[in-house]
1. Along the Cα→Cβ direction, 7 angstrom out, place labels at residue 228 and residue 256. What is the inter-label distance in nm?
2. Given Cα pairs under 8 Å that are at least 6 residues apart, what percent is the relative contact order of region 29-167?
3. With a 1.4 Å probe and all protein chains kept in place, how much accessible area does residue 198 have, in Å² rounded to the nearest 10?
4. If I ignore ligands, DNA and RNA and count only protein heavy atoms, how much of residue 181 is accessible to a 1.4 Å probe, in Å² to the nearest 10?
5. Could you sort the peptides 46-52, 75-81, 130-136 by per-residue average Cβ neighbour count (10 Å cutoff), highest mean leading?
6. Tell me, rounded to the nearest percent, the portion of alpha carbon pairs in region 138-237 spaced more than 18 Å apart.
7. Take the Cα radius of gyration of region 137-190 and divide it by 2.2 N^0.38 Å, with N its residue count; two decimals is plenty.
8. Would you tell me the accessible area of residue 227, worked out with a 1.4 angstrom probe on the heavy atoms of the protein chains, in Å² to the nearest 10?
Amino acid sequence: MIRKIIGSIILSIGLVGGTYAQSTSALRINEVLTNNVSNYMDPFGNRGAWIEIYNNSAGTVQMAGCFITNDKNNPKKYMISKGDLRTQIGPRQVVLLWADSYPHHGTFHTNFSLDPDKENYIALYDASGKNLIDEVTVPVLEADQSFGAPQDGARDLKILPHPTPEASNFVINNNPKVDKFAEHDPNGIGMAVTAMSVVFLALILLYLVFRVIGKISVRLSTKRAMKAQGISGKIKDAREESEIPGAVLAAITMALNEHQGGDHDYEETVLTIHRVTRNYSPWSSKIYGLREVPQIKKR
């Protein structure tokens, strides 16, 4: 099991290395400027010839170790340094090389320069120095003109009146629809009328929408109020109907009690008189609380 895992790792590393080795074929010489009078300036303040390399693939390409030359008989004239992380070109990205014969200025400064007064041959080789990746022959250019692909990565190069170092070669500077509209309405009157019409139509539409929403809201509120009022009226009527005088309720209660056989007091016509042991009135009852008068016995 361990051997299989180690073998898979080694195979993956080999595939990755192979991918990097083969991916350099996606590199293109995208744009070249030989006569730099007032164009792009390098970090040292010099205006020299430059060569733009483009990654035409969807993956990152490592161009370290590749060779670039202006001599067909010397494909290994300048090797791109392997110690610079900036040599990794992202997908659809570019790297700029300065052909100024100042290799001591850094990785991206070659040991050869380009002659603005004659044709210049430029070739890019892989790390072996044997396999040609791309090559171009740059014609004599006027000041600040470049020779490159109309669209990045294309094979057919032509003279570009507007150089685009470290940027896309194809730049959209106009809009056909806008240009056509401007042709038919040079004074902008139609544009103003159209814009105002759109604004007014939008305002009218908003007014109608809010008006409809307002009416719907009023109707719903009215229905809710009427519904609530109807329920309260019914409750009030029920309460009024259920309010019976107390005398009526007492009479009904007594009637029901008699109907169910309840006891009822009947008045007697016989007069009963009982003898009272003590003939006194409650008002004179205090006499029985007095002491008796002492009597003197005769001898």
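The values are calculated or read from the model by the stated rules, or taken from the named source; none is laboratory data. Worth saying up front: this structure is predicted, and the values here are computed from it rather than measured. Note that each Cβ is placed from the backbone with ideal geometry, even for glycine, and that neighbours are counted across all protein chains shown. For accessibility, only protein heavy atoms count, side chains too; no ligands or nucleic acids. Shrake-Rupley method; radii C 1.70, N 1.55, O 1.52, S 1.80 Å.
1. Inter-label distance under the simple model: 3.8 nm.
2. Once normalised by length, the contact order is 28 percent.
3. Accessible area of residue 198: about 90 Å².
4. Using a 1.4 Å probe on the heavy atoms, I get roughly 90 Å².
5. Result, highest mean Cβ count within 10 Å first: 46-52, 75-81, 130-136.
6. When all Cα pairs of region 138-237 are counted, 75 percent exceed 18 Å.
7. Scaled against compact globular proteins, the figure is 1.62.
8. Accessible area, nearest 10 Å²: 140 Å².
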